[in-house]
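Written below as structure tokens is the structure these notes are about.
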Amino acid sequence: MIWVTWRQFRATILFGVLTPLLLAAITIAITVIDGGVVPTTYLAGCLSFEATDCAAETAQTIAILLAIVLPVVLGAFVGVTVFSRDLERRTHVLGLSQSVSRRRWYAVRLLVVFVPTAASMTLLGCALYVAKYQTTPEQVAVSFSGAGDSRLEFPIFGATGFITGAYTAVGLMLGSACALAMRNTIAAMITTVIVSTALLALLPTQIREHFATPQVERVSLEQKTNEMYGGTPDYYRPLDSISFFSRWDFSADYVDSNGSPVSIDYADCNWSRNYREMDEFETVAEYEEYSERQSEESRRIQLECIRDQGAEAFETRYHEDRLFWRFQAIESALSLVVAGLLGGASLLLLRRLRP
């Protein structure tokens with residue numbers, strides 16, 4: 001049964017397995033040849049293979065973006081076609097008429113096609129993690145990232161580490177369920193792409209933030225308003241108030257006395273409307289003095305306006321970047337549970353399938 005499945009789907013298997021492995025090999029090779037990269041928690045802004053020291057960063061950026069898309073693509077072109085071809089051509093009648101049980105007929109396809117594909121995607125994610133974070137050039141001692149940059153953010157989180165394999169498992173199982181339910185290749189592919197994309201978008205935007213109790217940074221309205229109008233930079237603040245570590249800021253809101261978010265409408269503020277242009281002043285010094293007064297007045301008006309709308313402070317909720325592997329494990333487990341539920345739904349659909 002295993003040999004027959006391999007002979008039947010060898011082209012599909014090679015596509016699902018070799019595509020991630022080739023992408024991983026090419027990215028690793030370019031990174032090593034280019035001498036490695038400085039580890040950063042965000043996508044590099046370098047997007048040219050011709051610029052100096054740019055090849056590795058460009059290759060990694062492309063590979064990370066492809067790794068985000070591949071679970072959806074594999075779900076549609078591998079997960080769906082492994083079952084829809086037989087159903088459309090009615091060649092499944094031969095398989096289900098033999099002594100092999102329906103569960104075994106289904107399980108062998110998962111073992112021979114789905115497992116190697118998900119495993120190769122896991123290797124791709126791990127390879128991208130190594131290329132991005134473990135190839136630091138010897139002459140670089142340390143790399144600083146901003147407090148708002150984190151490996152927990154999209155798309156870095158979903159493309160590095162072992163989470164890529166779990167995402168692929170969801171895509172493949174969803175594809176198989178759609179194929180068995182619809183029995184039409186095109187319809188099943190479209191449904192798989194839409195649903196899997198929605199699911200992969202839901203995880204970073206609505207679910208991931210709940211994997212751990214968030215930390216909260218609370219600042220007064222005065223401090224927040226001063227920052228908006230060019231307040232004191234970090235390096236002039238007390239050391240105990242400066243954050244040197246990357247973090248994922250997933251929520252930033254004005255809050256009332258109960259900690260509930262408050263929506264601020266700046267259009268309700270009583271802004272000054274007698275602004276004067278620079279050419280109305282005789283000297284630059286007079287204009288600069290006027291601008292400072294206007295800035296101070298605008299700051300006061302905004303502060304009063306925000307307070308009048310019920311806000312008491314400004315809170316930022318975040319998770320520290322050190323939770324990367326913990327979140328990878330939680331999200332992988334959650335994704336595998338979803339894949340298992342889809343597999344159970346596929347078995348129910350298979351029981352109702354008539355030869």
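The values are calculated or read from the model by the stated rules, or taken from the named source; none is laboratory data. Being a predicted model, the structure only gives us computed values, none of them experimental. Every residue, glycine among them, receives a Cβ derived from its backbone with ideal geometry; neighbour counts consider all protein chains shown.
Criterion first (touching a residue at least 60 places away in the same chain (Cβ under 8 Å) and closer than 15 Å to residue 216 by Cα) does residue 250 satisfy it? In short, yes. Pull up region 258-300, narrow it to residues that are exposed (fewer than 14 other Cβ atoms within 10 Å of the Cβ) and of a type in the set (A, V, I, L, M), then point me to the one that is nearest to residue 225 (Cα to Cα). Of everything passing the filter in region 258-300, 267 is nearest to residue 225 (Cα to Cα). All of 311, 252, 285, 267 fail the test of being closer than 28 Å to residue 204 by Cβ and either part of a strand (DSSP E or B) or at pLDDT below 90 (or both), apart from 252. Kindly list the number of the only condition in (1) modelled with pLDDT of 85 or more; (2) within 22 Å of residue 42 (Cα to Cα); (3) not in a helix (DSSP H, G or I) that fails for residue 245. Result: residue 245 fails condition (1) only.
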